[in-house]
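**Q** There's a structure below that I have some questions on.
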Amino acid sequence: MAWDTLIVEVEDNVALVRLNRPEALNALNSQLMSELARALTELDRDDQVRCIVLTGSDKAFAAGADIKEMSTKGFVDMFTEDFFTADSETLLRVRKPIIAAVSGYALGGGCELAMMCDFIICSESAKFGQPEINLGVVAGIGGTQRLTRFVGKSKSMDMHLTGRFMDAAEAERSGLVSRVVPVADLVKEAMDAARKIASKSQVAVKVVKETVNRSYETTLREGVLYERRIFHALFASEDQKEGMAAFSEKRQPQFRDR
Ligand code: CO8
């Protein structure tokens, strides 16, 4: 399928989805969000795809929601359209892992989009920020909630209230990103991580994603109980038998996603 605002390629069971509005630093407009939601839904259904990498350009992952598109809207427009809500929430329903590979600006909705992915790998040029305060508004697709959970209240308040940007070193220090790599290596590093995930049992991969995400939705006690029951349940899978037999036989496991 051809997209106007995305470039999608599939290689070695990994989909690389590139946001592609270079004229606007990949600002997220309704068309891009709708195409992204549809593309991710298709990739989630595609048996050839086992992991997804979401990236932008060297200059910008995404510089936020499209300010020019939003600027003339009123409350009733935003409320009636439920601006961005359905499309952004589609991303959260994808069951395959999504890695955000961030270079340059990840601001406002761009930072929020990266945080909706399962983890973030960034390059040394990355700049994260929630500068909506400078526009007289606030984050709208989860920034106040997710950034606070990921980096803590003090840093999150600082970012949202001052609108300052966080560089790659600070993002790694504060746990927002899992690793920082040189700009030129970003996509390769994210694709290598995605290929590694693609080689695992997809039953276990989906379970890991579901269980880690559960930690944001529930108490520690309930989360640990959920993990334990899911751990028990995996002993009904063929891949558990294969993974443990392969270890004992000192060979690589041949997972069948069963
Ligand atoms: N929206 C629209 N156009 C943009 C955006 C944006 N967010 N960001 C950049 N652009 C455009 C610029 O207007 C410019 O276009 P043109 O050449 O036609 O003037 C082009 O991209 C290049 O940008 P700059 O010339 O500004 O490039 P610089 O390198 O000088 O500056 C910056 C880069 C610092 C990133 C600067 O562009 C900037 O500050 N951008 C805006 C950042 C921002 O405020 N983001 C938050 C937006 S609000 C938001 O994301 C809310 C999310 C919640 C929505 C959900 C609703 C429910």
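**Q** Looking at segment 226-237, which of the residues that are in a helix (DSSP H, G or I) and open to solvent by less than 90 Å² (accessible area, probe 1.4 Å) is farthest from Phe119 (Cα to Cα)? Steps first, please.
**A** From segment 226-237, those in a helix (DSSP H, G or I) are 226-236; that's our starting set.
Then keep just the ones that are open to solvent by less than 90 Å² (accessible area, probe 1.4 Å); that gives 226, 230, 233-235.
On the way: Tyr226: 21, Ile230: 22, Ala233: 25, Leu234: 24, Phe235: 27 Å.
Selected residue: Phe235.
This table checks each residue for (1) of a type in the set (Val, Ile, Thr); (2) under 16 Å from Ser88 (Cα atoms); (3) in contact with a helix residue (DSSP H, G or I) (Cβ under 6 Å, 6 or more places away or on another chain); (4) in a loop (DSSP other than H, G, I, E, B).
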{"residue": "Ala101", "(1), (2), (3), (4)": "no, no, yes, no"}
{"residue": "Gly110", "(1), (2), (3), (4)": "no, yes, no, no"}
{"residue": "Met115", "(1), (2), (3), (4)": "no, yes, yes, no"}
{"residue": "Cys122", "(1), (2), (3), (4)": "no, no, yes, no"}
{"residue": "Ser125", "(1), (2), (3), (4)": "no, no, yes, yes"}
{"residue": "Phe128", "(1), (2), (3), (4)": "no, no, yes, no"}
{"residue": "Glu132", "(1), (2), (3), (4)": "no, no, no, no"}
{"residue": "Val137", "(1), (2), (3), (4)": "yes, no, no, yes"}
{"residue": "Ile141", "(1), (2), (3), (4)": "yes, yes, yes, yes"}
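**Q** Now, a different point. All but one of (1) in a helix (DSSP H, G or I); (2) farther than 26 Å from Leu16 by Cα; (3) not basic (Lys, Arg) hold for Thr72, so report the exception by its number.
**A** Among (1) in a helix (DSSP H, G or I); (2) farther than 26 Å from Leu16 by Cα; (3) not basic (Lys, Arg), Thr72 violates only (1).
**Q** Could you tell me which residue of segment 58-90 is farthest from Val10 (Cα to Cα), considering only residues that are open to solvent by less than 80 Å² (accessible area, probe 1.4 Å) and away from the ligand (no atom under 13 Å from the Cβ)?
**A** Per the stated criteria, the residue is Gly74.
**Q** Being over 22 Å from the mean Cα position of the chain (by Cα) and of a type outside the set (S, T, N, Q) is the filter here, so list the residues in segment 179-226 that pass it.
**A** Applying the first criterion (over 22 Å from the mean Cα position of the chain (by Cα)) to segment 179-226 yields 219-222, 224-226.
Within segment 179-226, Leu220, Arg221, Glu222, Val224, Leu225, Tyr226 meet the criteria.
**Q** Within segment 119-160, which residues are open to solvent by 20 Å² or more (accessible area, probe 1.4 Å) and farther than 25 Å from Asp82 by Cα?
**A** Passing the criteria: Phe119, Glu124, Ser125, Lys127, Phe150, Val151, Gly152, Lys153, Ser154, Lys155, Met157, Asp158.
**Q** Quick check, is Leu161 under 28 Å from Phe79 (Cα atoms), within 12 Å of the ligand (Cβ to nearest atom) and not small (Gly, Ala, Ser)? Let's see the steps before the verdict.
**A** Working: under 28 Å from Phe79 (Cα atoms): yes; within 12 Å of the ligand (Cβ to nearest atom): no; not small (Gly, Ala, Ser): yes.
Judged against the criteria, Leu161 is not a match.
**Q** Just to check your reading of the model, which residue among Val177, Val151, Val138 is of a type in the set (Val, Ile, Thr), in the same structural domain as Met70 (by the TED database) and within 16 Å of the ligand (Cβ to nearest atom)?
**A** Val138
**Q** Residues Glu238, Glu170: which one is of a type outside the set (A, V, I, L, M, F, W, C), modelled with pLDDT of 95 or more and not assigned by the TED database to the domain that holds Gln48?
**A** Numbers: Glu170 fails: not assigned by the TED database to the domain that holds Gln48.
The conditions single out Glu238.
**Q** Checking Leu161 against (1) more than 26 Å from Asn13 (Cα to Cα); (2) not assigned by the TED database to the domain that holds Gly104, only one condition comes out false. Which one?
**A** Here Leu161 clears every test but (2).
**Q** Which count do you get for residues in segment 11-35 that are under 26 Å from Ser199 (Cβ atoms) and open to solvent by less than 80 Å² (accessible area, probe 1.4 Å)?
**A** Going through segment 11-35 one residue at a time, the tally reaches 6.
**Q** Hey, another quick one. Report whether or not Lys188 is of a type in the set (Lys, Arg) and either surrounded by 17 or more Cβ atoms within 10 Å (Cβ to Cβ) or touching a residue at least 12 places away in the same chain (Cβ under 8 Å) (or both).
**A** no
**Q** Answer with yes or no whether Asp47 is free of Cβ contacts under 8 Å to residues at least 24 places away in the same chain, more than 14 Å from the ligand (Cβ to nearest atom), assigned by the TED database to the domain that holds Ala184 and not aromatic (Phe, Trp, Tyr). Even if it seems obvious, please write down each step before you answer.
**A** Details: free of Cβ contacts under 8 Å to residues at least 24 places away in the same chain: yes; more than 14 Å from the ligand (Cβ to nearest atom): yes; assigned by the TED database to the domain that holds Ala184: yes; not aromatic (Phe, Trp, Tyr): yes.
Here the answer is yes, as Asp47 does meet what is asked.
**Q** Condition check: modelled with pLDDT of 95 or more and either open to solvent by 30 Å² or more (accessible area, probe 1.4 Å) or over 25 Å from Gly163 (Cα atoms) (or both). Does Thr55 satisfy that?
**A** For Thr55, the condition - modelled with pLDDT of 95 or more and either open to solvent by 30 Å² or more (accessible area, probe 1.4 Å) or over 25 Å from Gly163 (Cα atoms) (or both) - is not met.
The values are calculated or read from the model by the stated rules, or taken from the named source; none is laboratory data. Note that this is a predicted model, so its numbers are computed, not measured. Cβ coordinates were reconstructed from backbone atoms using ideal geometry, including for glycine residues, and neighbour counts include every protein chain displayed. Calculation scope for accessible area: heavy atoms of the full protein, side chains included, ligands and nucleic acids excluded. Shrake-Rupley method; radii C 1.70, N 1.55, O 1.52, S 1.80 Å.
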